[in-house]
Amino acid sequence: MLCDAELFLECRYGDIIARALRVDDPGWCSSEFAEGRLTVRIKTERIESLISACEDYFRTVKAALDALEALEI
């Protein structure tokens with residue numbers, strides 16, 4: 001069974017976050033910034049891997065946003 005998900009985020013720092021994420025993208029995940037939004041695509045054969053990857057991306061994006069917003073001060 002193939003499980004896939006696409007996560008979309010429109011935010012002020014999407015381009016910076018996408019470049020940072022791309023370094024660690026495994027072969028079954030990809031991240032990019034285009035047309036004003038960050039897009040993460042995940043394709044795997046295990047639902048557990050899909051859920052785990054989504055959670056990891058959400059946590060990483062949240063941490064990146066917090067850090068970038070803190071640098072604005």
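The values are calculated or read from the model by the stated rules, or taken from the named source; none is laboratory data. Only a predicted model underlies this, so the values are computations on that prediction, with no experimental measurement involved. When we count neighbours, we look across all protein chains shown, and the Cβ atoms used for this are built from the backbone with ideal geometry, even at glycine.
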Among (1) at pLDDT 90 or above; (2) of a type in the set (A, V, I, L, M, F, W, C); (3) outside any helix (DSSP H, G or I), where does Leu65 come up short?
-> (3)
Considering only residues of the stretch 26-52 that are part of a helix (DSSP H, G or I) and hydrophobic (A, V, I, L, M, F, W, C), which is farthest from Glu72 (Cα to Cα)?
-> Ile47
Just one of Val40, Val61 is hydrophobic (A, V, I, L, M, F, W, C) and in contact with a Ser or Thr (Cβ under 8 Å, 6 or more places away or on another chain); which is it?
-> Val40
All positions within the stretch 4-25 that are part of a loop (DSSP other than H, G, I, E, B), modelled with pLDDT under 90 and farther than 12 Å from Ala64 by Cα | Val23, Asp24, Asp25
Could you look through the stretch 31-47, keep only residues that are in contact with a strand residue (DSSP E or B) (Cβ under 6 Å, 6 or more places away or on another chain) and more than 15 Å from Cys3 (Cβ to Cβ), and pick out the one that is surrounded by the fewest Cβ atoms within 10 Å (Cβ to Cβ)?
-> Arg37
